[in-house]
Amino acid sequence: MDTQTVIKAEKLNLTFQTNDGPVHALSNIDLSIDKGEFVSLIGPSGCGKTTLLRVIADLEKPSDGTITVNGMTPEEARLKRAYGYVFQAAALFPWRTIADNIALPLEVMGLDKAEREKRVSENLELVDLAGFGNKFPWQLSGGMQQRASIARALAVQPDMLLMDEPFGALDEIVRDHLNEQLLKLWAATKKTVVFVTHSIPEAVFLSTRIVVMSPRPGRIHDVIDCDLGENRTLDIRETPEFLKIAHRVRDGLRAGHSYEDV
Amino acid sequence: MKRVAPIFTVVAAIIAIWYVAAVFLNAPFERDQAERAGRPIAFSEILQRTMVQERPILPAPHQVAAELWDTTVTKKITSKRSLVYHAWITLSATLLGFVMGTVLGIVLAVGIVHSSVLDKSLMPWIITSQTIPILAIAPMIIVVLSSVGVTGLLPKALISTYLSFFPVAVGMVKGLRSPEAMHLDLMKTYSASRSNVFWKLRVPASMPYLFTSMKVAVAASLVGAIVGELPTGAVAGLGARLLAGSYYGQTVQIWSALFAAAIMAALLVTLIGMLGTWVNRRMGVRPEAAR
Ligand SMILES: Nc1ncnc2c1ncn2[C@@H]1O[C@H](COP(=O)(O)OP(=O)(O)OP(=O)(O)O)[C@@H](O)[C@H]1O
Ligand SMILES: [Mg+2]
């Protein structure tokens, strides 16, 4: 299989100008992600994970450095609908039912009604929300809303998924279940996934590579290869290989915020 | 029931205060009369007489109620003495002006939201337009239009438009700008067109703002239509009733016209409110939040 670079960032810097002076959110980020990789970004709150994801998605412009997505500028890639984005919050439209929310990007893409309905019901099922299509967002729990927003991103069937803590609001059991679903989906479709998380086990279980970030200024502290083989199940979390990688991630996180131990 | 009790209490209190005020304000006239006739007058007699004066300074509530009943139920609707007839004249101008004002307000808001040039050039004028007292403008509009042969409904409706476009324009600018940054970002990730963002996000998000501002606008329209009837010495409409009433010192007529206007305003605002609740309900807004 020939590898193809999907995301390439070089010397990426981003400074926000705020009322309290500049905030250096990203500092000298060098990162290259190949097609079909599952890369997790992990790091303490405020270290720039969301910001990095937003730069890839062309929702934020870097102050300095270069970044390409599919060999194009992020803007060109966005206009070609190269990715599906799952926000940190569900961001459902309150005046649309769950089904209509999932259909929103499909309407924008101009798909016909039959195709929209097919994709909506498929993806509702995938996130265990079959039967909730006619409910409005306020009638669902926060976790269910978040699952609906994942279904909405998957319905687009993008080659690349950018996910910002998609499972952060879910309970452990649902989270495990969706982790397995996502892994299956990824193994079957070979999508490129960039995944932000706060959970070490989640990152180790899902990823082919883990990027550990540290704050002030936001930078890459460590990059850990971690392919635990295909067809892995949640049982793998007990194995020594798993624990070894988890340990290294934890060390990286500690070093990144050692100032807090003082 | 729980909601009716407080309202009822307030209404009862207002009526009581009104009666007291009527006695207090109308009593001097009775004393004057008695003094001129050179006969003493007891307080109980004053009390009685202040309730039934022909041209009281402040008519008693039951006098106004009787006049309202008399001029609505017992008169033929087509009669010039029917309050329903006059209310309809004013209502038609109000509604025409309200519809034109709402359309104008929405068009202006759409332009302002989509073009920063329009935002900078129009907004100051829109605000300035409302700082000019309507009483100063109304006669000019009426006179200018009648000099070119436009009379009747349209000039009054235009004054209503002038007053009602403003709340709608301001409300809709706010409403069309109300979507959260994350929802706008979401549409951006779909590389949605401007028209998609407008119809699928901005317009639905602005609906609650639209109905709130329409409530203000319809009340302003009514004021505009009444004001529009004053300078011409119009022969019909609630404004004409007010004017005629004050010429001839018919305070009972003035007050009943005022009440007719207030009742009409309340009905119009309630109607718009119900329409807004219905639309919001259909759009899936949480029932509690819709109110
Ligand atoms: N639009 C903005 N304007 C100004 N500062 C911002 C903006 N967005 C983010 N920041 C700052 O940039 C830094 C990184 O923010 P970011 O949201 O990327 O953190 P994060 O790693 O996603 O954190 P969390 O895990 O809490 O979501 C923070 O210090 C934040 O205050
Ligand atoms: Mg974040």
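The values are calculated or read from the model by the stated rules, or taken from the named source; none is laboratory data. All values derive from a computational prediction rather than experimental measurement. Cβ coordinates were reconstructed from backbone atoms using ideal geometry, including for glycine residues, and neighbour counts include every protein chain displayed.
Go through A:Asn101, A:Asn134 for me and flag whichever is more than 16 Å from ligand 1 (Cβ to nearest atom), within 11 Å of chain B (Cβ to nearest Cβ), crowded, with 20+ Cβ neighbours inside 10 Å and not basic (Lys, Arg). Show your work before the answer.
Working: A:Asn134 fails: crowded, with 20+ Cβ neighbours inside 10 Å.
Result of the check over A:Asn101, A:Asn134: A:Asn101.
Residues in region A:149-164: is at least one surrounded by fewer than 18 Cβ atoms within 10 Å (Cβ to Cβ), under 18 Å from A:Val39 (Cβ atoms), at pLDDT 85 or above and over 18 Å from the mean Cα position of the chain (by Cα)? Scanning region A:149-164 turns up no residue that is surrounded by fewer than 18 Cβ atoms within 10 Å (Cβ to Cβ), under 18 Å from A:Val39 (Cβ atoms), at pLDDT 85 or above and over 18 Å from the mean Cα position of the chain (by Cα).
For A:Pro215, state whether it is within 16 Å of ligand 1 (Cβ to nearest atom), of a type outside the set (Lys, Arg) and out of contact with any Leu (no Cβ under 8 Å at 6 or more places or on another chain).
Working: within 16 Å of ligand 1 (Cβ to nearest atom): yes; of a type outside the set (Lys, Arg): yes; out of contact with any Leu (no Cβ under 8 Å at 6 or more places or on another chain): yes.
So A:Pro215 passes the test.
Just one residue in the set B:Ile89, B:Ile112, B:Ile127 is part of a helix (DSSP H, G or I), under 28 Å from B:Trp255 (Cβ atoms) and more than 14 Å from chain A (Cβ to nearest Cβ); that residue is B:Ile89. Per the conditions (1) loosely packed, with under 14 Cβ neighbours inside 10 Å; (2) more than 14 Å from chain A (Cβ to nearest Cβ); (3) of a type in the set (S, T, N, Q), the sole criterion not satisfied by B:Ser160 is (1). Considering the conditions (1) over 13 Å from the mean Cα position of the chain (by Cα); (2) over 22 Å from B:Val110 (Cα atoms); (3) away from chain A (no Cβ under 14 Å), B:Thr212 is excluded by exactly one of them, (2).
Look at A:Leu59 and say whether it is at pLDDT 90 or above, over 30 Å from B:Arg281 (Cβ atoms), in contact with a strand residue (DSSP E or B) (Cβ under 7 Å, 6 or more places away or on another chain) and within 15 Å of ligand 1 (Cβ to nearest atom).
Spelling it out, it is not the case that A:Leu59 is at pLDDT 90 or above, over 30 Å from B:Arg281 (Cβ atoms), in contact with a strand residue (DSSP E or B) (Cβ under 7 Å, 6 or more places away or on another chain) and within 15 Å of ligand 1 (Cβ to nearest atom).
Given the criteria away from ligand 1 (no atom under 16 Å from the Cβ), buried (at least 19 other Cβ atoms within 10 Å of the Cβ) and among the charged types (D, E, K, R), does A:Arg209 qualify? Considered against the rule, which asks whether it is away from ligand 1 (no atom under 16 Å from the Cβ), buried (at least 19 other Cβ atoms within 10 Å of the Cβ) and among the charged types (D, E, K, R), A:Arg209 comes out as no. A Cβ distance below 8 Å, combined with a sequence gap of six or more or placement on separate chains, defines the contacts here; from region A:185-205, residues that are in a helix (DSSP H, G or I) reach residues that are of a type in the set (S, T, N, Q) and at pLDDT 90 or above in the pairs A:Glu202/A:Ser40; A:Ala203/A:Ser40; A:Ala203/A:Thr197.
Could you say whether any residue in region B:177-186 is buried (at least 22 other Cβ atoms within 10 Å of the Cβ), within 13 Å of chain A (Cβ to nearest Cβ) and at negative phi? So far as region B:177-186 goes, yes, one or more of its residues are buried (at least 22 other Cβ atoms within 10 Å of the Cβ), within 13 Å of chain A (Cβ to nearest Cβ) and at negative phi. Condition check: within 16 Å of ligand 1 (Cβ to nearest atom) and among the basic types (Lys, Arg). Does A:Lys49 satisfy that? Considered against the rule, which asks whether it is within 16 Å of ligand 1 (Cβ to nearest atom) and among the basic types (Lys, Arg), A:Lys49 comes out as yes. In summary, helices (runs of 4 or more DSSP H) completely within region A:5-113 and bearing 2 or more residues that are in contact (Cβ under 8 Å) with a residue 24 or more places away in the chain occur at A:49-56, A:98-109. Within region A:6-35, the set of residues being surrounded by fewer than 18 Cβ atoms within 10 Å (Cβ to Cβ) and closer than 19 Å to A:Val193 by Cβ comprises A:Lys8, A:Ser32, A:Asp34, A:Lys35. Among the residues of region A:1-60, just one is within 16 Å of ligand 2 (Cβ to nearest atom), of a type in the set (Ser, Thr, Tyr) and within 13 Å of A:Ser214 (Cβ to Cβ), namely A:Ser45. Condition (residue is within 14 Å of another protein chain (Cβ to nearest Cβ), among the hydroxyl-bearing types (Ser, Thr, Tyr) and either closer than 16 Å to A:Leu234 by Cβ or within 16 Å of ligand 2 (Cβ to nearest atom) (or both)) applied to region A:209-216: is it met by at least one residue? The answer is no; no qualifying residue exists. Of everything in region B:187-209 that is within 16 Å of B:His114 (Cα to Cα) and assigned to a loop (DSSP other than H, G, I, E, B), the residue that is nearest to the other protein chains (Cβ to nearest Cβ) is B:Ala192.
Annotation: A:Arg81 fulfils all but one of (1) at the interface with another protein chain (Cβ under 10 Å from one of its Cβ atoms); (2) within 28 Å of A:Leu228 (Cα to Cα); the unmet one is (2).
Looking at the structure I just gave you, is B:Ala109 closer than 26 Å to B:Ala157 by Cα and either surrounded by fewer than 16 Cβ atoms within 10 Å (Cβ to Cβ) or in contact (Cβ under 8 Å) with a residue 12 or more places away in the chain (or both)? Spell out the reasoning first.
On the way: closer than 26 Å to B:Ala157 by Cα: yes; either surrounded by fewer than 16 Cβ atoms within 10 Å (Cβ to Cβ) or in contact (Cβ under 8 Å) with a residue 12 or more places away in the chain (or both): yes.
It is true that B:Ala109 is closer than 26 Å to B:Ala157 by Cα and either surrounded by fewer than 16 Cβ atoms within 10 Å (Cβ to Cβ) or in contact (Cβ under 8 Å) with a residue 12 or more places away in the chain (or both).
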